[in-house]
Structures are given as C-alpha cells and as structure tokens.
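Q: Next up is a structure, given as structure tokens.
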Amino acid sequence: MNYQHVLCAVDFSDESLEVGKRARDIAQKYGARLSLIHIVEDVNISLGGGYELLPVLPDLPDEALLQEAQTALEKLAQQLEVKDIRLWVVNAISTKEGILGAVQAHHADLIVVGSHGRHGLSLLLGSTANAVLHGAPCDVLAVRI
Ligand code: AMP
C-alpha cells in the first residue's frame, strides 16, 4: 500500500508529539501528504434543540476554543519540523464523526491516532481510537502509548 494522505488526529495530550512524529515518519517514507487534525466537540450540536429541562448551559467560547486549538496545532507542526503540512481544526458532534468526516472530505488513506489519550489508560484501546477503528474506511494506526 502506497499511502498518499496521512491524517494524524491529536488531542494535545503529552503523547501528541510522539503520535505526530510517527505519522510524519510514515508520510515521509511514502511521500504522502500529512495533515494534523483536532476536533473540538460541540456541546450545542450534540444536545440539539428541545432540551428545555436541562439547566441553562453557559455560552461556550466556541471561537476561543477553535483559535486555541489552531494555535496548538501550529505549535505541534513546528515541533515536527515538516514544511508541507495541513492543519485542520474541526467543530463536530463527536471526535469520531469529525475525524471520519475529514477522512472522507480530504481523501485520507491512513489515520494515525494514539492508542490512548486524555480519556485514561484503563482500556486496551481508548474510546476515540476504538470508535475511529470501527468506523474507518481506511487503515488506522494506533500508536501505542
Ligand atoms: P482516547 O481514545 O480519547 O483516549 O484518545 C485516543 C487518541 O484519539 C488520541 O491519542 C488522539 O490521537 C485521538 N483523539 C482523542 N481526542 C481527540 C480530539 N479531540 N481530536 C483529535 N484527535 C483526538
């Protein structure tokens, strides 16, 4: 398999640099494009309308969150020392939906995730890694954390 577009999903946990480096090395090996993606889950999208019984949620600083994620992605990209890299910050109902949507939209053929991230080490695979693996239309590499 000659990968052409490696999509690396990062959550900015301590291991994100290691995950990014693995994605970078594979992309370089195959001469593939490299993208970094971070999903900002949108509470407003996932709740939808009609939840009058819920306590009023504070207005989420969506724009600030997105901007913060963009800055963090830029920092990570610098640390990876790759010239040609694409950065995506995506606002989605779930991390899984966001990653898989980007895979389709940008024709990625390899997804790189960490085996675990911010959601703990108790499982064999973290919940995001597991969800992505089950829904992916292409290869998935779970970098062992
Ligand atoms: P988790 O399953 O949530 O513990 O995380 C496993 C991996 O999924 C992380 O190492 C990241 O590669 C990826 N991931 C988790 N959350 C996000 C996010 N919000 N955006 C992009 N990738 C994520």
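Please treat every number below as a calculation from the coordinates, not as lab data. In this text the structure is predicted, and so the values were computed from the model without any measurement. Using ideal geometry, Cβ is built from the backbone for each residue, glycine included, and neighbour counts are taken over all protein chains shown.
Q: Once R0 is set to 22 Å, what does the formula 1/(1 + (r/R0)^6) return for the Cβ-Cβ distance between Thr71 and His107, expressed as a FRET efficiency to the nearest 0.05?
A: Efficiency computed from Cβ-Cβ geometry: 0.25.
Q: Which lysines have a Cα lying under 22 Å from the Cα of Lys83, excluding residues fewer than 8 positions away in the same chain?
A: Within the straight-line limit of under 22 Å, Lys83 reaches these lysines: Lys21, Lys29, Lys75.
Q: Right, here's the next one. Quick query: amide H of Val40 versus all other amide H atoms, modeled in the peptide plane; which residues come in under 5 Å with a sequence gap of 5 or more or a different chain?
A: Val90, Asn91, Ala92
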